[in-house]
Amino acid sequence: MVTCLGVVFMGSVGDLWCQSVAKAPAIIVRYPVPSQLVSSDSNFLFGSVGNPKAKLQVNGIPVHVHQDGAFLAWMSVPETVHGDTAVYHFRASVGSDTVALDHVIRRPLVSRPLGSEPTWVDPRGLGERPERWTRPGEMVSFRFVAERGVMLQLIAGDLRISVPPLRHLRGTLDQYGVEIDLSLLRDAACEAGHCSRTVGSWPSSAPVSGLQLDTVKFELLASTMGYERHHVLKIPIAVLRKDAGTVKLIEAHDPTNGQSGVILARPSPFGPNRWRFPNGTTARVTGRFSDRFRIELTNGLEAWVVEEDTEWTDPYMGSAVTWDARFQLAALDLRSRPHLDDVHGVVSLRIGVSQPVPAVVSVIGERSVSLTLYNMVGQFDRIAHGVDTGVSSVTWTQMEGPTTRLEIEFDWPVWGYDLAYESGNASSYEGPRASRPFSDLPGSGEGLVLRLDLRPPPQIEKLNPLAGRRIAIDPGHPGAGSYGPTGLFEGDANLAVARTLFDLLKEAGAEPVLIRSNGLAMGLYRRTERAREAGAELFVSIHNNALPDGINPFEHAGTSTYYYHRHAVNLASYIQAGIVTRLGLKDLGVVWGDLAVVREPWMPSVLAEGAFMMVPQHEAALQTERFQTDYALGVMDGIEAYFADVGKMEGVERR
C-alpha cells in the first residue's frame with residue numbers, strides 16, 4: 001500500500017492524485033478543492049478512482065464507483081483535527097493493490113485556537129471596517145464570534161454598549177451582535193479624542209463642502225473568568241445631516257463581461273439585482289458602505305449601486321416633471337438606436353422630462369407593461385397613441401413619493417423592451433397644448449427625452465412555427481465553469497449541446513445564431529449584445545448545473561429552467577417541459593433567477609440547466625451523442641411549442 005500525504009496539483013483545476021503502481025487505482029478529488037472552507041455539517045464530494053472495479057471508502061464509509069470510475073458521495077463533514085483543519089481519508093483498492101489519500105479541507109472553528117487567551121475574538125470581526133456614510137439615528141449591525149460565556153462591550157469614550165450573544169454556532173463558539181446608532185458611537189469617540197477628521201476632501205472625493213469623514217477608533221472589551229482584553233476597531237464614518245450630493249449613473253467599462261447598457265441596483269448593498277436604470281439617471285446619495293452608494297429613488301425607497309457606476313454631478317433640482325408623451329412606429333429612426341437596425345415595427349414611447357430620474361419598466365401582463373418614474377410629478381395633458389402602434393390604452397397615476405406610473409395595454413403580446421435617456425425635443429406631443437407652457441416648468445430648456453422601445457412579436461407561420469425564426473443559442477461558460485467527476489468541463493458539454501441544437505433548428509427552417517463556436521472566453525454582456533446585433537427573437541443559454549455546499553445532490557439533481565422577466569416565463573415553462581420529457585430527469589421546475597444573461601429584456605431570455613455536472617451518470621451521459629441530441633431536442637420542442645402558442649394569439653399577425 002502507498003499512502004499519499006500532502007497535495008500535488010495537476011493542470012488548471014487543482015486535481016489531487018496519488019498512485020502506487022500501474023494496476024492500482026488513482027484517486028482524483030475534484031471537489032472540495034484542497035484547503036477549501038466547508039461550512040455545512042454534511043456535504044458532497046466527487047472525483048474519480050480511474051478503475052471502475054475499484055472499491056472506495058471515505059472515512060471508512062463505502063462509496064459507490066460508477067462504471068467510468070467516477071464517484072459522488074454525500075456524508076458528514078469530518079471534525080477538525082487541528083485548528084480549522086479537517087481531513088477526508090480516502091482508500092481505494094483493486095484486488096491487493098491499494099492506494100490511500102488524505103484530503104485536507106478547512107471548517108469554521110468550533111472553539112478558540114489552542115494557546116489563545118480565553119478572551120479570544122475572531123479577528124475577522126476586528127481591525128478596520130469599510131467606510132460608512134450614515135444618517136443620525138440610523139442603526140448599524142455589529143457582529144462578532146467569540147467563546148461562549150465571554151462578556152463583550154463596545155467602548156467609545158464614555159459610551160459603553162453591551163454586545164449579547166445571538167446564537168450558537170459550532171462547538172463552544174457563539175455569535176454576538178448588537179444594533180447601534182453609528183452617529184452616537186462617532187460622537188462619543190471624537191469627544192474622547194479617538195478620531196481623526198478630514199473635512200471637504202477624502203479618498204471617496206464627494207464634492208460636498210463641509211462634509212466630515214471621521215476615522216473612528218473604539219474598542220471591544222472581552223472579559224471572562226478574571227481575564228480582560230481590549231480589541232481595537234476602526235471605521236471611517238461620515239454622518240450625513242442631508243444627502244451627500246447627486247450622482248449620475250454611468251455603467252462602468254468592464255473589459256471582461258462587456259456592458260449591459262443599464263446600471264443594476266439592489267435593495268441592500270450585496271443583495272440581488274432588482275432595478276435596471278438607464279445610463280444618465282441621476283439620484284441623491286444618502287449613504288455608503290464600502291464601495292456601494294445608497295441612492296434615493298423617492299421618499300421612503302432607496303437602492304444600492306456600485307461606486308464605479310457613478311460620477312458626481314450638479315445638485316438635484318427637486319422633484320422632476322414630465323411633459324406630454326406620444327407613441328410612434330420607430331422604424332424610420334432606428335439608425336440612431338444601437339442593436340435595432342434589423343427590427344421593423346418597433347413602437348417607441350417618447351416622454352419629455354425635466355431630469356433623468358430613476359425609471360424602471362415591468363411587464364405586468366401578457367399584453368401590458370408599466371413604466372415607473374421615481375421622484376417625478378406627472379404633467380401629462382396628452383399621451384398620443386400614434387397610428388398603427390397597437391396601443392389600446394394608456395393610464396397614468398400620480399403616487400406618493402412622488403412617483404408617476406404609466407400602465408400601457410397593447411393589442412399584441414409584449415415581446416421585449418428597451419429604456420434609455422436621450423437628447424431630443426422635450427415637446428413629445430407635436431400639437432397644440434392645453435396645459436401651461438414649457439417655460440413655466442423647471443429644466444424646460446434641456447430637451448431631454450425618456451424613450452421606451454417596445455417590441456411586438458414576430459409573424460409566425462402556423463404550420464411551421466420555427467420557419468424564419470431567429471434564435472440565439474448561448475453555450476454557457478466559455479473559458480470558465482464547473483467540472484464533472486472525471487474532468488468533463490461544463491463549457492465543452494454546453495457547446496456540444498448548443499451545436500446540436502443549432503443544426504436541428506436550421507434543419508427545421510429557423511435562423512439560429514450560435515453565440516460562440518469555440519472555448520475562448522466571452523463576457524456575459526458581450527453574449528447578449530451579440531444576440532441583439534444579430535436581430536435575435538429569443539435567447540436560450542445552454543448550461544448544466546452544480547449545487548452549493550450543504551445540498552444533497554442525490555435528492556436535488558435534475559432539470560430546471562431560469563427566467564428573469566415576466567415576458568420570458570412562458571418560454572421557460574415550454575423549454576422546461578420539453579427537456580424533462582426528452583431526458584427523463586427529475587423535474588426541478590421553472591425558477592426565477594438573478595442571472596446576467598436572462599436579465600436581457602429585448603427578447604424572451606431563458607437559461608436551461610439540463611443535467612448536473614457533479615453526478616457521475618449525468619456527466620457520462622453528457623459525453624454521448626444520444627444525450628446531447630435529446631437535450632437539444634427538448635429545447636427545440638419547447639421553442640416550437642412556445643412559438644406555436646404565440647402564433648394562436650389574436651393580434652400577432654399585425655406585423
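The values are calculated or read from the model by the stated rules, or taken from the named source; none is laboratory data. Computed from a predicted model, the values in this text were never measured in an experiment. Note: ideal-geometry Cβ built from the backbone for every residue, glycine included; neighbour counts use all protein chains shown.
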Discussion item. Going by what's in this entry, would residue 559 be described as hydroxyl-bearing (Ser, Thr, Tyr) and surrounded by fewer than 17 Cβ atoms within 10 Å (Cβ to Cβ)?
Written reply: no
Worksheet, complete the sentence: In the set 329, 371, 340, 334, the lone residue that is aliphatic (A, V, I, L, M) and modelled with pLDDT of 95 or more is 371
Practice prompt. Would you check which residues across segment 485-505 are part of a loop (DSSP other than H, G, I, E, B) and within 23 Å of residue 633 (Cα to Cα) and list them?
Written response: 488
Discussion item. Of all residues being touching an Asp or Glu at 6+ places or on another chain (Cβ under 8 Å) and surrounded by fewer than 21 Cβ atoms within 10 Å (Cβ to Cβ) in segment 275-285, which is nearest to residue 308 (Cα to Cα)? Just the residue, please.
Written reply: 279
Worksheet item: Among 571, 595, 607, 588, which is surrounded by fewer than 24 Cβ atoms within 10 Å (Cβ to Cβ), in contact with a Phe, Trp or Tyr (Cβ under 9 Å, 6 or more places away or on another chain) and not basic (Lys, Arg)?
Response: 595
Worksheet, complete the sentence: Residues of segment 305-329 being in contact with a Phe, Trp or Tyr (Cβ under 7 Å, 6 or more places away or on another chain) and either farther than 21 Å from residue 351 by Cβ or surrounded by fewer than 20 Cβ atoms within 10 Å (Cβ to Cβ) (or both), in sequence order, are 305, 307, 310
Worksheet item: Which condition number in (1) surrounded by 16 or more Cβ atoms within 10 Å (Cβ to Cβ); (2) not β-branched (Val, Ile, Thr); (3) not in a strand (DSSP E or B) is the one that residue 381 fails?
Response: (1)
Worksheet, complete the sentence: Within segment 216-235, the residues that are under 17 Å from residue 129 (Cβ atoms) and either outside the structural domain of residue 127 (by TED's automatic domain parsing) or surrounded by 16 or more Cβ atoms within 10 Å (Cβ to Cβ) (or both) are 216, 217, 218, 219, 220, 231, 233, 234, 235
Worksheet item: Looking at segment 249-260, is at least one residue in contact with a Pro (Cβ under 6 Å, 6 or more places away or on another chain) and either among the basic types (Lys, Arg) or not assigned by TED's automatic domain parsing to the domain that holds residue 138 (or both)?
Response: no
Discussion item. Take the residues in segment 103-117 that are crowded, with 17+ Cβ neighbours inside 10 Å and over 11 Å from residue 84 (Cβ atoms); name whichever of them is modelled with the lowest pLDDT.
Written reply: 112
